[in-house]
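Before anything else, here's the structure in question.
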Amino acid sequence: MDSRPSPVALARRPRVLLVEDEARIAQFVAKGLGATGLDVTVAEDGDVGAFLAATEPYDLVLLDLGLPGTPGLEILRVMRQDRPATPVILLTAADEPMARRSGLTSGATEYLTKPFVFEHLCALVQRLLGLDGTAATAPGQLGSVPALWILTDRTYLDQRMPQAVIRWLEEQGCPARVVVADQGAVLTILAPMAAPRELSPWEGLVPGDIVLPRSRHPFALALLKEAEVRGAVAVNPWSAVSKARNKVRGTLALARRGLPVPPTFLAHRPVDLATLDRRLFPLLLKPFQGDNARGIVLVSDPDQLAALEWPDVMTLAQPFVDVGGIDLKLYVVDRTVWATRRTSPLQPEVSPPVAAAVTAELADLALACGEAFGLRLYGVDVLQTEQGPIVVDVNDFPNYTGVPGAAATIGGLLLDEARPTPRPPGPVPAAVPG
């Protein structure tokens, strides 16, 4: 049985064994780690890797699973019998939950899927060797480099968001794991929390992993809450998403902060709104569980209310404000704000959005709305009136239509969350997209 020396006791270059049959990857990793002061030995098949792991003392092993000759899991099994204290990082293209679970339960210290960001691998190696000043990680302990997850549903899966973010992360070599709530047989266990996690779509999730939700599906929201209970960090947390979906709670949150919202009425049935002063008409009737402009009805006068069929158990109503059929949309990623003008969805023909300038007033208004909900990715629908801007809706994680740089900004935010950096103290108006 070997015992890994402490960083203070290392009077030589730490020795790393890399067992990898893809020559391009092996050369890249060996060269990169060698440049950090490590002594890297490469084995290009499982038989050589098994022999070296059994006969040579290494401070850390990087091990592929799909190897010619001796399989990676067999090498790991033997190592755990003979050298239980040596950290082992599995490098593999197998990202299935069962493969991850099998690797970690077999004794792997960390599980890193290909393609990976070399900086992440380097930081992980430094930590496991104790070269970054932190305590070394024991075999079997889950990793410190958070995984990125995207939670969505079939309605949104093929839309610009989240697809643009998924593609951007893949291009950076840091792919996200995608959970589609209503696709296939998705089964989860809410209680007891100690139940087998292989039944959950969050199999493999560890505390500190980052989850990005883009869904308004009820089951997806339940899964988001489960991920948070398991210790994940949601960029838009469950409480904020739920508040944004519920337009009653959302309106109250905005009004409580003194933000400019139109007069808003709540009734059981549309016909109950007939008691309002006629001068408040026309009215916009909105579902209390809103989803952008879906389900909105324009009612010109009280006489139309009695015949109106309304599917919801409550009716939210606001006086219609005529701004010439043009809406202003503010898009926010953390503290970066964009603006576009677009045709109102109430118009018979909708034109593509056009970039607009972000004034200091609009940036402050957008950020104040995010603080009212606890959102970091969101859109704000604004009507620009002679009396000033009025907020008519806030929705979590919109499509960012007309904002070309949104995917990179969102992806960068996710990577920053995985490796925290100081945030700027004030709002950052984005360059107007062309």
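The values are calculated or read from the model by the stated rules, or taken from the named source; none is laboratory data. For clarity, every value in this text was computed on a predicted model and none was experimentally measured. All Cβ positions, even for glycine, are placed from backbone atoms using ideal geometry, and neighbour counts span all protein chains on display.
Count, please, the residues in segment 296-322 that happen to be out of contact with any helix residue (DSSP H, G or I) (no Cβ under 8 Å at 6 or more places or on another chain), loosely packed, with under 15 Cβ neighbours inside 10 Å and assigned to a loop (DSSP other than H, G, I, E, B).
Count: 7.
In segment 11-34, which residue that is in a loop (DSSP other than H, G, I, E, B) and more than 33 Å from the chain's Cα centre (by Cα) is farthest from GLY69 (Cα to Cα)? Walk me through it before giving the result.
Applying the first criterion (in a loop (DSSP other than H, G, I, E, B)) to segment 11-34 yields 11-14, 20-22.
Subsequent filtering for residues that are more than 33 Å from the chain's Cα centre (by Cα) retains 11-14.
Numbers: ALA11: 35, ARG12: 32, ARG13: 29, PRO14: 27 Å.
Looking at residues that are in a loop (DSSP other than H, G, I, E, B) and more than 33 Å from the chain's Cα centre (by Cα), I get ALA11.
A further question follows. Which of the residues belonging to segment 68-78 are in a helix (DSSP H, G or I) and under 36 Å from the mean Cα position of the chain (by Cα)?
Selection gives GLY72, LEU73, GLU74, ILE75, LEU76, ARG77.
So that you can scan it fast, the table gives a plain yes or no per residue for (1) at negative phi; (2) in contact with a Gly (Cβ under 8 Å, 6 or more places away or on another chain); (3) modelled with pLDDT of 95 or more; (4) not acidic (Asp, Glu):
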{"site": "PHE265", "(1), (2), (3), (4)": "yes, no, yes, yes"}
{"site": "ILE296", "(1), (2), (3), (4)": "yes, no, no, yes"}
{"site": "THR336", "(1), (2), (3), (4)": "yes, no, yes, yes"}
{"site": "THR343", "(1), (2), (3), (4)": "yes, yes, no, yes"}
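Can you tell me which residue in segment 245-275 is surrounded by the most Cβ atoms within 10 Å (Cβ to Cβ), limited to those that are under 16 Å from LEU365 (Cβ atoms) and of a type in the set (Gly, Ala, Ser)? Before you say what the answer is, go through the steps one by one.
Initially, segment 245-275 is screened for residues under 16 Å from LEU365 (Cβ atoms), giving 250-251, 253-262.
Imposing the further condition that a residue be of a type in the set (Gly, Ala, Ser) reduces the set to 250, 253, 255, 258.
Working: GLY250: 25, ALA253: 21, ALA255: 14, GLY258: 9.
Across segment 245-275, the extreme among qualifying residues is GLY250.
So, one more: Pick from segment 37-56 the residues that are in contact with a helix residue (DSSP H, G or I) (Cβ under 6 Å, 6 or more places away or on another chain) and under 25 Å from LEU131 (Cα atoms): which of them is surrounded by the fewest Cβ atoms within 10 Å (Cβ to Cβ)?
From segment 37-56, those in contact with a helix residue (DSSP H, G or I) (Cβ under 6 Å, 6 or more places away or on another chain) are 40, 42-43, 49-50, 53; that's our starting set.
Remaining after also requiring under 25 Å from LEU131 (Cα atoms): 40, 42-43, 49, 53.
Details: VAL40: 23, VAL42: 18, ALA43: 24, GLY49: 27, ALA53: 24.
Here the residue is VAL42.
Hey, among the residues in segment 163-177 that are surrounded by 15 or more Cβ atoms within 10 Å (Cβ to Cβ) and without any contact (Cβ under 8 Å) to a residue 60 or more places away in the chain, which one's farthest from LEU413 (Cα to Cα)?
This residue is GLN163.
Read through the list (1) more than 22 Å from LEU415 (Cα to Cα); (2) in a helix (DSSP H, G or I), then give the number of the only condition that GLY370 fails.
Tallying (1) more than 22 Å from LEU415 (Cα to Cα); (2) in a helix (DSSP H, G or I), GLY370 fails exactly one: (1).
Now a separate question. Return yes or no: is LEU365 under 27 Å from the mean Cα position of the chain (by Cα), under 28 Å from LEU280 (Cα atoms) and part of a helix (DSSP H, G or I)? Show your work before the answer.
Details: under 27 Å from the mean Cα position of the chain (by Cα): yes; under 28 Å from LEU280 (Cα atoms): yes; part of a helix (DSSP H, G or I): yes.
Considered against the rule, which asks whether it is under 27 Å from the mean Cα position of the chain (by Cα), under 28 Å from LEU280 (Cα atoms) and part of a helix (DSSP H, G or I), LEU365 comes out as yes.
Examine segment 29-37 for a residue that is among the charged types (D, E, K, R) and touching an Asp or Glu at 6+ places or on another chain (Cβ under 7 Å), and state whether such a residue exists.
The initial filter retains those residues of segment 29-37 that are among the charged types (D, E, K, R), namely 31.
The next check asks that each one be touching an Asp or Glu at 6+ places or on another chain (Cβ under 7 Å); those that pass are none.
Checked segment 29-37: no residue is among the charged types (D, E, K, R) and touching an Asp or Glu at 6+ places or on another chain (Cβ under 7 Å).
For every residue, the table says whether it meets (1) more than 33 Å from the chain's Cα centre (by Cα); (2) within 21 Å of VAL241 (Cα to Cα).
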{"site": "PRO311", "(1), (2)": "no, no"}
{"site": "GLY325", "(1), (2)": "yes, no"}
{"site": "LYS329", "(1), (2)": "no, yes"}
{"site": "VAL333", "(1), (2)": "no, yes"}
{"site": "ARG341", "(1), (2)": "no, no"}
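State all residues of segment 27-43 that are of a type outside the set (Ser, Thr, Tyr) and either touching a Gly at 6+ places or on another chain (Cβ under 7 Å) or under 20 Å from THR86 (Cα atoms) (or both); if no residue qualifies, say none. Walk me through how you get there before you give the answer.
Going through segment 27-43, the residues of a type outside the set (Ser, Thr, Tyr) turn out to be 27-35, 37-40, 42-43.
Within segment 27-43, VAL29, ALA30, LEU33, GLY34, GLY37, LEU38, ASP39, VAL40, VAL42, ALA43 meet the criteria.
Could you check how many residues of segment 350-377 are of a type in the set (Gly, Ala, Ser) and surrounded by fewer than 19 Cβ atoms within 10 Å (Cβ to Cβ)?
Going through segment 350-377, the residues of a type in the set (Gly, Ala, Ser) turn out to be 351, 355-357, 360, 363, 366, 368, 370, 372, 374.
Next, from what is left, pick out any that are surrounded by fewer than 19 Cβ atoms within 10 Å (Cβ to Cβ): 351, 355, 357, 360, 368, 374.
Total meeting the criteria: 6.
Does segment 54-66 include one or more residues that are modelled with pLDDT under 95 and in a helix (DSSP H, G or I)?
Within segment 54-66, one or more residues are modelled with pLDDT under 95 and in a helix (DSSP H, G or I).
Looking at (1) modelled with pLDDT under 95; (2) touching a strand residue (DSSP E or B) at 6+ places or on another chain (Cβ under 7 Å); (3) within 22 Å of GLN387 (Cβ to Cβ), which is the only condition LEU259 fails?
(1)
Across segment 224-276, what is the total count of residues that are over 30 Å from GLY204 (Cβ atoms) and of a type in the set (Val, Ile, Thr)? Write out each step before concluding.
Applying the first criterion (over 30 Å from GLY204 (Cβ atoms)) to segment 224-276 yields 246-276.
In the following step, the residues that additionally are of a type in the set (Val, Ile, Thr) were identified as 248, 251, 261, 264, 271, 275.
The number of residues fulfilling the criteria is 6.
Return only the number of the condition from (1) within 24 Å of THR251 (Cβ to Cβ); (2) without any contact (Cβ under 8 Å) to a residue 60 or more places away in the chain; (3) touching a strand residue (DSSP E or B) at 6+ places or on another chain (Cβ under 6 Å) that GLU386 does not satisfy.
(3)
If you go through segment 203-239, how many residues are free of Cβ contacts under 8 Å to residues at least 60 places away in the same chain and on the phi > 0 side of the Ramachandran plot?
Going through segment 203-239 one residue at a time, the tally reaches 1.
Please work out if GLY72 is crowded, with 22+ Cβ neighbours inside 10 Å, modelled with pLDDT of 85 or more and small (Gly, Ala, Ser). Before you say what the answer is, go through the steps one by one.
Details: crowded, with 22+ Cβ neighbours inside 10 Å: yes; modelled with pLDDT of 85 or more: yes; small (Gly, Ala, Ser): yes.
Yes; evaluated as a whole, the condition is true for this residue.
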